[in-house]
1. If we scan segment 356-375, do we find a residue that is touching an Asp or Glu at 6+ places or on another chain (Cβ under 7 Å) and in a loop (DSSP other than H, G, I, E, B)?
2. Given the criteria modelled with pLDDT of 95 or more, at positive phi, buried (at least 20 other Cβ atoms within 10 Å of the Cβ) and touching a helix residue (DSSP H, G or I) at 6+ places or on another chain (Cβ under 9 Å), does residue 295 qualify?
3. Test residue 349 against the stated conditions and say whether it is under 23 Å from the mean Cα position of the chain (by Cα) and open to solvent by 80 Å² or more (accessible area, probe 1.4 Å).
4. Need the failing condition index for residue 327 against (1) in contact with a Phe, Trp or Tyr (Cβ under 7 Å, 6 or more places away or on another chain); (2) closer than 25 Å to residue 277 by Cβ; (3) not hydrophobic (A, V, I, L, M, F, W, C), just the number.
5. Restricting attention to segment 187-196, which residues are more than 7 Å from ligand 1 (Cβ to nearest atom) and under 27 Å from residue 175 (Cβ atoms)?
6. Going by the conditions given, is residue 152 at pLDDT 95 or above, closer than 25 Å to residue 209 by Cβ, within 16 Å of ligand 2 (Cβ to nearest atom) and of a type in the set (Ser, Thr, Tyr)?
7. Among the candidates 112, 189, single out the residue that is closer than 30 Å to residue 50 by Cβ and either open to solvent by 60 Å² or more (accessible area, probe 1.4 Å) or assigned to a loop (DSSP other than H, G, I, E, B) (or both).
8. Mind checking which residues of segment 256-271 are over 14 Å from residue 299 (Cβ atoms) and open to solvent by less than 60 Å² (accessible area, probe 1.4 Å)?
Amino acid sequence: MVTVAEAEQIILSEVKDYGSEPVPFEQALGRILAEDIRADRDLPPCNRVTMDGIAISYAAFETDVRSFSIIATIAAGSKPTDIQEPNECVEIMTGAALPGTTDTVIRYEDVEINDGIAKLLTENIKKGQNIHTKGRDRKQSDVVAAANQLVTPALISMAASVGKSVLQVKKLPRVVIISTGDELVDVPETPTPYQVRRSNSYAMKSVLQLCSLQPDLLHIPDEPTATKTELEKCLEKYDVIIMSGGISMGKFDYVPQVLEELKVKRLFHKVKQRPGKPFWFGAHENGVLVFAFPGNPVSAFMCLHRYFLPWLEMSLKQIPNSRFPIPIFAMLNEDVMFAPELTYFAQVKLKLCKQGHLHATPIEGHGSGDFANLLDTDAFIELPMEKSNFKKDELYRVWPFKQII
Ligand code: AMP
Ligand code: MG
């Protein structure tokens, strides 16, 4: 039996690089960028006007010119027309390129235009005002988005701006989620009173879908030959096998024995935690990893968030010496007592208070089979094994499974 910290360390020492692949940028949301994106030209690419108004030469303003003849009107997207004389100006729109002979833009609110003459209504004018200068944000070939980050809407916007229509992103592992248990029936079926529907598989699949993975689902009966045949095929076909059930001390729990027969090396079996104590983790010599979680829905759900997701993030981001995911801490809202020498992952409701602190209210539920309680809570709070009394206002790490705010 290992501690939570040992289990984490063993799992994170098995991070893998699955390479990268090109994806059209519109389909890359939620993936991890595998290349640096660079500016194809200066950003902005010209001296960009930021207000509708007129453009003048500031030198003319300094020599007391206050009325300017309008010689052209420049729309965004059109080639700028230069002024020739100090008392000339152009009308110019937001987003247009500033003519090289002008250097200052005065907004329409500060001018009066009559018969093609623009008269200034203010003396408060600064040289270079209302201009977003060429290259101010980024220079041509600067990195605008570094590799190993999540492709977000802001990154898609940047890719579009620099004409990067195909992005190289990290390849995702091929994952299968396997349920075991003769008591399980599929969702459309009507279970007898002693059967249950296969909910774990769909819970875990949807968590993975939020990470852009598209896992296959498979069900294996509690029978050693079938377990062996199916697992053997999965070891050929997938990078990661996630299982639920069949790893405890029951008469029909064949999974650990069969995995070892198939040369999946056990890296640990059992973790000093509640829920999720029977968790089995191993690696095949061909690189396939097996996360075999207990069947109890809350246990499987907790283990997936606590162990699989950090492994996935580390595998995809591949930044040496960094820690994923960024830890989130919450303040206990009430005292908790937990005597067993196990790390306790209590289910909590999270609330952000006005001061911006995250508060965690434990909602105990009825053990690891009570998956209804997951709907009333937002996260697991990790209460370390070394203590038994956890006091109100103490801070502990949380593993959210819902959007917090
Ligand atoms: P096991 O770990 O196989 O002993 O299963 C522990 C408990 O979890 C049993 O009550 C199972 O019926 C339940 N269970 C196992 N797999 C699933 C599943 N895929 N969906 C829902 N409940 C499950
Ligand atoms: Mg079972």
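The values are calculated or read from the model by the stated rules, or taken from the named source; none is laboratory data. These numbers come from a predicted model, not from an experiment. Don't worry about glycine lacking a Cβ; one is built from the backbone with ideal geometry, like all the others, and counts go over all protein chains shown. Each accessible area value is taken on the protein alone, full model and side chains, heavy atoms only, with ligands, DNA and RNA left out. Shrake-Rupley method; radii C 1.70, N 1.55, O 1.52, S 1.80 Å.
1. Yes: one or more hits.
2. The answer is no for residue 295.
3. yes
4. (1)
5. 187, 188, 189, 191, 195
6. For residue 152, the condition - at pLDDT 95 or above, closer than 25 Å to residue 209 by Cβ, within 16 Å of ligand 2 (Cβ to nearest atom) and of a type in the set (Ser, Thr, Tyr) - is not met.
7. 112
8. Answer for segment 256-271, where residues must be over 14 Å from residue 299 (Cβ atoms) and open to solvent by less than 60 Å² (accessible area, probe 1.4 Å): 256, 258, 259, 262, 264, 267, 268, 269.
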